[in-house]
Amino acid sequence: MKKIRVLVVDDSALVRSLLTEIINRQPDMECVGAANDPLIAREMIRNLDPDVITLDVEMPRMDGIDFLGRLMRLRPMPVVMISTMTAQGAEVTLRALELGAVDFVAKPRIGLANGLKELSSEIVDKVRVAAVAKFRRPLLPTPTAPGTATPVPARSTNALIGRVSTEKMICIGSSTGGTEAIKEILVCMPADSPAIVITQHMPPGFTTSFAARLNGLCQITVKEASHGERILPGHAYIAPGGKQFRINRSGANYVAVVEDAEPVNRHRPSVEVLFLSAAEMVGRNAYGIMLTGMGNDGARAMREMRDKGSYNYVQDEASCVVFGMPREAIAHGAADEVLPLDKIAPALLTKLSAGGDRLHNRI
C-alpha cells in the first residue's frame, strides 16, 4: 500500500513532534520530514517530494501565507493549514483557503499537547482528504495582505424586484472547499435576492470572520446567524461554528434558530439540520444547493427537501475540491440539476427570474 507522504512545517518543536507522531501512527501515512520554517521546507519539498504539507501560519523568516502564495504559484500541492483559534487566525486562514489550501485545523490556544492529541482524528482525516482532493488553483495569482478580502469583480445580474416572493429561500450546504464555492455563488446574487441560509462546516470563531469577509464582497448583506432574528430577503445567514442552525416560522416570517444541540453526522453545524428544517418550514418555496465537501452530511435531508417540492442544484464532480457530499446527494436522488460551480448561480437566477410556480416544474 502506497503511503501518503506528509511534510510538517511548524516553528514549534512540540507541534512538529506531536504531528509527526500522529501521522506516523496511521498505517496509510508517513511523515517524511519536519521543517521549522518555510525556507527549510522549500528545500525539503524539493528533496522529499511530499504528497501533502501541514503548514503553520506564524513562522520565522517567512510567514505561512507568503510561503503558501509562492508555493501555489511555483509548485502547487495539497496543503492543510494549522491555524490558531483567534480572530486574526481566522482571517489568515480564510486567506489561505482563498490561495488554494485544501482545509485547516484549528490549533487549541491552551493545553496544546492534549488539544492536538484530541484533534488527531480530524488532522489525519483532513490529510487523507487533501491527498485525494482535486487541486484548485487560486483564482488570483498575487497574494494580498493577511486579513484583507480579495476584491471580486462586480457581476451584472438582472434585478428580481417584484418577481420573487419573500417566501422563497435558498439553502446552501458545504464542507471541504466550500468557503470559495460559497463565495462564487454569493457574489452573483443581486441585492434583492431571496433569503439565503448556509451551513459550512467550520469551528467556532471562524464563521464570524467568514461572514464579514463575504459581506465586503457581495451585493447582499452577509452575516453570522443570530438566534431569533427574522430571516430577510437580500440577506445571507451563515451557521455559527459550534452551533446548530435551523429555520422556524413565526406567523408569516421565517426566523433563525441557533442552539447548542448535539452534533449530527459528527458535525455542528450540520447541513442535515438546516436542510430538514427547510423541508419542513419552506417546502416548495426552497431551492437547495449542495457544494463541495467530504462525507454525506445533508444528503438525506436534501432528498427530503426535494420530496417536499424544493428545486435542488448539486455541484458536479469536475468542479468540486471533494465530491463526497454532492455524490451522496445525487445517490439519494436529491438533485434536480448537477452543474459546474460557475453555472449554479446563473441557473438559479434564471429560475428565479422566470417567477411563479413554473420554477419547480420538473421535466
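What follows draws every value from the coordinates through simple rules; no lab data is involved. Just so we're clear, the structure is a prediction, and the values are computed from it rather than from any experiment. Glycine gets a Cβ as well: all are built from the backbone with ideal geometry, and neighbour counts include every protein chain shown.
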Would you work out the charge dipole size for region 169-360 about its Cα centre, treating the Cβ of every Lys and Arg as +1 and the Cβ of every Asp and Glu as -1, and quote it to the nearest 20 debye? 240
Please sort 250-262, 266-278, 313-325 by packing, taking for each peptide the average over its residues of neighbouring beta carbons within 10 angstrom, highest first. 266-278, 313-325, 250-262
Say the dipole of region 4-132 comes from +1 at the beta carbon of Lys and Arg and -1 at that of Asp and Glu; which of Leu97, Met62, Leu112 then lies farthest toward its positive end? Met62
Dipole magnitude of the chain about its Cα centre (Cβ charges: Lys, Arg +1; Asp, Glu -1), debye to nearest 20: 600
State the number of lysine pairs found in region 169-360 whose Cα atoms come within less than 27 Å, restricting to pairs 8 or more positions apart or on distinct chains. 11
Obtain the radius of gyration and the Kirkwood radius of region 169-360 from its C-alpha atoms and give Rg over Rh. 0.92
Rg/Rg_ref, the chain, where Rg_ref = 2.2 N^0.38 Å and atoms are Cα: 0.99
What percent does the relative contact order of the chain come to when contacts are Cα pairs within less than 8 Å and at least six residues apart? 12
Taking Lys107 as the anchor, which lysines have their alpha carbon closer than 16 Å to its alpha carbon, excluding any fewer than eight residues away along the same chain? Lys117, Lys126
Could you work out how far apart the two model spin labels at Ala113 and Val255 are, taking each label as a point 7 Å from the Cα in the direction of the beta carbon, and quote it in nm? 4.9
FRET efficiency, 1/(1 + (r/R0)^6) with R0 30 Å, evaluated for Lys2 and Ile40 via beta carbons: 0.70
Just to verify a number: FRET efficiency for Glu262 and His227, C-beta to C-beta distance, R0 = 22 Å, to 0.05? 0.85
Which translational diffusion coefficient, to the nearest whole µm²/s, is obtained for region 4-132 from the Stokes-Einstein equation, given a Kirkwood hydrodynamic radius over C-alpha pairs, 4 °C and 1.567 mPa s? 91
Of the listed peptides 118-130, 172-184, what is their order by residue-averaged count of other C-beta atoms within 10 Å, with the highest listed first? 172-184, 118-130
Over the Cα atoms, compute the radius of gyration (one decimal) and Dmax (the largest Cα-Cα distance, rounded to a whole number) for region 235-335, in Å. 13.2, 42
With +1 on each Lys and Arg Cβ and -1 on each Asp and Glu Cβ, and nothing else charged, work out how big the dipole of region 243-292 is about its Cα centre, in Debye to the nearest 20. 120
Gain in span if fully extended, Arg75 to Ala331, counting 0.36 nm per residue against the direct Cα distance: 88.6 nm
Thr350/Ser17 FRET efficiency (R0 51 Å; Cβ-Cβ; nearest 0.05): 0.40
